[in-house]
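Shown next, in structure tokens, is the structure this report addresses.
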Amino acid sequence: MHVPDGVFPLWLQIIMYIISGLMLFVSVKMINRKFDDKLVPYMGVLAAVIFAAQLVNFPVPPSSGHLVGATLLAVMLGPWGGMLIIGMVLFVQALSGDGGLLTYGVNFFNMGIFSCLVGWALALILFKGLKKITDEKKSVLISTSVASFIVTVSAAFVLGLELLTVTGFGISALYAITLVHVFIGIGEALLTFVILLYFVKAKPQVISFLKESEVSEMARVPIAPFPTQEIER
Amino acid sequence: MNRKESLKYTIPLVLVIIIVTSLILLGMASQNPDGFEWALFDFAGLTEPEGGFAGIWAFLGEGVFVNAFVGIVGIIAVLIIGYGFFRLTSRKTE
């Protein structure tokens, strides 16, 4: 899903750069308020793990896919922390020639802003529903995996809509890019499940949805108070 | 941070680096175009843009060893950037 330079019209890239800049600014402000320095090593390692996981493509004939990890990050750190890490990962990838520098805004919008916010919201809704029928840890695993699948497909659809601005990319191609990401989304969901399972077992304190979380303050979204902490206590 | 806590952070990172490097070196990562490239260049038939920024490592050329090297450097770079950025923006605790 990393779009190189030379594909999109300049006006779209400028708009996306402005949106991305604003959202990065908001993310930094949100993180600044509640972020303790004891979490610093964890954030660095998590960013490196996501970057590493994105290096390996799994086959989805005739194409391939790789983990994005936006929903996973959003559930663990909240959408703001997730966006910042995706922003860093995309920046280093762009310097390495994976995804363009001019299209950084578009890529950040699709994989960072859209995927983190929608993934976080979807996972939270599913988590609240599942928590009524099973325990918290199973709920967070299932809700995050399902949300990551839906987000992968919907982010591909959004990318397809953006690509409609490119001459030669039509409705059938929009259908194709969405359909192929249904299968890539299954891979995303499985990898999300495995990585989250490690953290659920090894350090559940770093998953913002869980009761024992140490990062829920950082994951707070002002438009809706974070329910795990507000309701449970 | 105590030794046990440090290991909890270090072990998964080292494991991930080993797994990713092995997958790249063994050629197990898929060489197919990703979903976006397939839809745009193969399915829709658009021409892949050329002459854009190929990355700071482009002078090294192509190959599995180059990919593995670039990957490891990238992992370390993200680790340092992430650590530095969050260090700067964090609230100091006792």
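Quick note: the coordinates plus some simple rules give every number you see, no bench work behind them. Only a predicted model underlies this, so the values are computations on that prediction, with no experimental measurement involved. Note: ideal-geometry Cβ built from the backbone for every residue, glycine included; neighbour counts use all protein chains shown.
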If you count, for each residue, the other Cβ atoms within 10 Å and average over each peptide, how do A:207-214, B:58-65, A:73-80 line up from highest to lowest? A:73-80, A:207-214, B:58-65
Calculate the mean, over all residues of peptide B:64-77, of how many other protein chain Cβ atoms lie within 10 angstrom of the residue's Cβ. 3
Reach of A:Lys203 by Cα under 12 Å, taken over aspartates and glutamates that are not fewer than 8 positions away in the same chain: A:Glu212, A:Glu214, B:Glu5
Calculated [θ] (222 nm, deg cm²/dmol) that DSSP helices of n ≥ 4 give over chain A, each run adding -39,500 (n - 2.57): -21500 deg cm²/dmol
Karplus ³J(HN,Hα) for region A:16-32 (6.51 cos²θ - 1.76 cosθ + 1.60, θ = phi - 60°; Hz, whole; x = Gly/Pro) runs 5, 4, 5, 4, 5, x, 4, 5, 5, 4, 4, 4, 4, 4, 5, 5, 3
Reduced Cα scattering model of chain A, Debye log10 I(q)/I(0), q = 0.16 Å⁻¹: -1.11
Which of the residue pairs A:Lys128/A:Lys201; A:Lys132/A:Lys211; A:Lys138/B:Lys92; A:Lys132/A:Lys201 have a Cα-Cα distance greater than 26 Å in the structure shown? A:Lys138/B:Lys92
What is the set of long-range amide H partners of A:Asp36 at a cut-off below 5 Å, with H atoms built 1.01 Å from backbone N? B:Arg91
Cut-off 12 Å between beta-carbons: net charge of the residues surrounding A:Phe58, Lys and Arg +1, Asp and Glu -1: -2
Please sort A:165-171, B:39-45 by packing, taking for each peptide the average over its residues of neighbouring beta carbons within 10 angstrom, highest first. B:39-45, A:165-171
When A:Asp36, A:Asp135 are ordered from fewest to most other Cβ atoms inside 10 Å of their Cβ, what list results? A:Asp135, A:Asp36
Residue order, fewest to most beta carbons within 10 Å, for B:Ser90, A:Ser115, A:Ser27: B:Ser90, A:Ser27, A:Ser115
Within a 10 angstrom radius of the beta carbon, how do A:Phe157, A:Phe91 rank from fewest other beta carbons to most? A:Phe157, A:Phe91
When the helices in chain B are scored as -39500 (n - 2.57) per DSSP H run of 4 or longer and the sum is shared across all residues, what 222 nm value do you end up with, to the nearest 500 deg cm²/dmol? -18500 deg cm²/dmol
Gain in length, A:Leu10 to A:Val221, computed as 0.36 nm per residue apart minus the alpha-carbon separation, to one decimal in nm? 72.7 nm
Partner shielding of B:42-51, taken as the mean number of other chain Cβ atoms within 10 Å, equals 5
Here the net charge surrounding A:Gly99, from other residues whose Cβ is less than 12 Å away from its Cβ (Lys, Arg +1; Asp, Glu -1), is -4
What is the magnitude of the charge dipole of chain A about its Cα centre, with +1 placed on the Cβ of each Lys and Arg, -1 on the Cβ of each Asp and Glu, and no other charges, expressed in debye to the nearest 20? 560
Round to the nearest 0.05 the FRET efficiency obtained for B:Ile56 and B:Gln31 when R0 = 22 Å and r is the Cβ-Cβ distance. 0.45
